[in-house]
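Notes follow once the structure below has been shown.
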Amino acid sequence: MLTMLNIAFRNLLQAKRRTLLLGLAVAIVATLFLFLRAVSSSISERMIESATTLSAGHVNVGGFFKIRKKASAPILSERTRIRDIVTKAVPEASGVIDRHRGWGRIISPASSINAGVNGINYNEEGRFFKSLRLAKESEYKKDGTDQTFGSFEDMQKPNTALIFAGQAKKLELRVGDSLTLVTEASGGQDNTVDLRVAAIASDVGFMSNWSIFTQRQVVLDLYRVGPDTTGVVMVYLDEADQATAVMERLRKTFADNGFLVMDHDPNPFFMKFEKVSGEDWLGQKLDLTIWSDEISFVLWITNALDFISAIVITLLAVIIIGGIMNSMWMSVRERTKEIGTVRAIGAQRGFILQMFVFEAIMLGFLASGLGVLFGSIVILAINGMNIPITNDGMRLFMMANTLKFSLHPSQIVSTLILFSVITGLAALYPALKAARLRPVEALMQGK
């Protein structure tokens, strides 16, 4: 093995110019590949973070209650019983909470916005508040300081609200200011409550622009529903990829306990009102989803990015493969006499094959290593600069307000392996042709 590596390294040094040009091409593509993977990974991670922090658990037990055929509300009755069933059926859950869901208009003296209303129980929301940080004043006020105001603990006080920096900026609100929340209750009647801003949190991606949090009792009063109702029961898991299996287990468990369960629809609850209102049933039906269902309306971002990445990398890989095959053909022609001499003194075809394949693999490994090193330095430098994203379209695409990318050791290792394999396979056919040369023919061709 060491002898083969030594031969491969010397052969690469012999053709310095060709090695440098081809190695540079491989390094550039490896850098681009790593960068695209980092972007895709960071967006996916932020989607999970945003979804499971703001609007969903890894598994969600929601549903609709219909008192009339054409009217539906995202409300669950028998809150206590549903939570007990979930707790017993999913003993591996790291947490089970419930929140009320609503929709309203937030009005300040300066402006107004629409947002989802989340009624929470402060004592159950340790995970939620741990995921947030108080926003610096400069994040929502022009010429603001780096000081933070308010506290999450103040959310225990009645008639208070937590909003996010992007909302505070649009509404021109600060901690301690009042806002008016207007919601539409059953029967089309508007209900209103005045709330005090207890805390302003830093944005959790662009999705935080659509959420406001207040006490559970505030939502109960606004919608005039009983204490044993809720909007959704959220189940948190240590492993997000177990969500689908847990959801299917809960579907069967609830059906066995006499609940009506809707067919799985991989969309957020607010996109199901029209469908549910058109169905001919009354009472309650449960609607079980996983975290990705609740943000399916933005999953096109990662799907589009993965598709574009696949096309770009495939095209560049084809170019690299063509370059390596051409380089190996040139190497075979230049070293025909050498091949004949080595075969004449007893080297087997397998040795010749390995010699050229090892040369290509070494080129791919070293070049991709250089590309990965450069790409990692660039990514880490960008992360350290905390570059703000000011364009709304870019914020939507990146799911963040600052330019940050996720870089994991697995991405680096897989990039090195991938490009080593690609270069090795690209050299396989020329190497086979070289190995099949007969010693006498090779020596005569080399004269």
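Numerical summary
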{"read-out": "5 angstrom amide H check on residue 65, placed H, neighbours 5+ away", "value": "73, 75"}
{"read-out": "Per residue solvent-accessible surface (Å²) - segment 182-325, probe of 1.4 Å", "value": "45 Å²"}
{"read-out": "Magnitude of the charge dipole, segment 33-114, Cβ model with Lys/Arg +1 and Asp/Glu -1, debye to 20", "value": "580 debye"}
{"read-out": "The chain - Rg and Dmax from Cα coordinates, angstrom", "value": "30.2, 97"}
{"read-out": "On Cα atoms only, tilt of 16-50 relative to the major axis of the chain in degrees", "value": "10 degrees"}
{"read-out": "Within segment 161-216, percent of DSSP bridges classed antiparallel, to nearest 5", "value": "70 percent"}
{"read-out": "Pairwise centroid distance, computed over Cα atoms, of segment 12-77 with segment 136-154, Å", "value": "30 Å"}
{"read-out": "Sequence-separation-based contact order of segment 71-147, relative, with Cα cut under 8 Å and 6+ spacing, percent", "value": "18 percent"}
{"read-out": "Value of relative contact order over the chain, rounded to a whole percent, pairs C-alpha under 8 Å and six or more apart", "value": "25 percent"}
{"read-out": "For residue 172, distant residues with modelled amide H under 5 Å away", "value": "none"}
{"read-out": "Total charge dipole magnitude, segment 242-315, about the Cα centre, Cβ charges on Lys, Arg, Asp, Glu only, Debye to nearest 20", "value": "160 debye"}
{"read-out": "Cross-link partners of residue 16 among aspartates and glutamates (Cα-Cα below 20 Å; sequence separation of 8 or more within a chain)", "value": "334, 338, 359"}
{"read-out": "Fraction of accessible area attributable to carbon and sulfur, the chain (%, probe 1.4 Å)", "value": "60 percent"}
{"read-out": "Dipole of the chain, positive end: most advanced residue of 381, 222, 26 [Cβ charges, Cα centre]", "value": "26"}
{"read-out": "Efficiency of FRET between residue 224 and residue 315 - r from beta-carbon atoms, R0 51 angstrom, step 0.05", "value": "0.30"}
{"read-out": "Entries of 252/272; 66/272; 141/404; 66/275 with Cα pairs more than 18 Å apart", "value": "252/272; 141/404"}
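The values are calculated or read from the model by the stated rules, or taken from the named source; none is laboratory data. Here the structure is a predicted model, which is why all the values come from computation and not from measurement. Here the Cβ is made from the backbone with ideal geometry for all residues, glycine too, and neighbour counts use every protein chain on show. All accessible areas refer to the heavy atoms of the entire protein, side chains included, with ligands and DNA or RNA removed. Shrake-Rupley method; radii C 1.70, N 1.55, O 1.52, S 1.80 Å.
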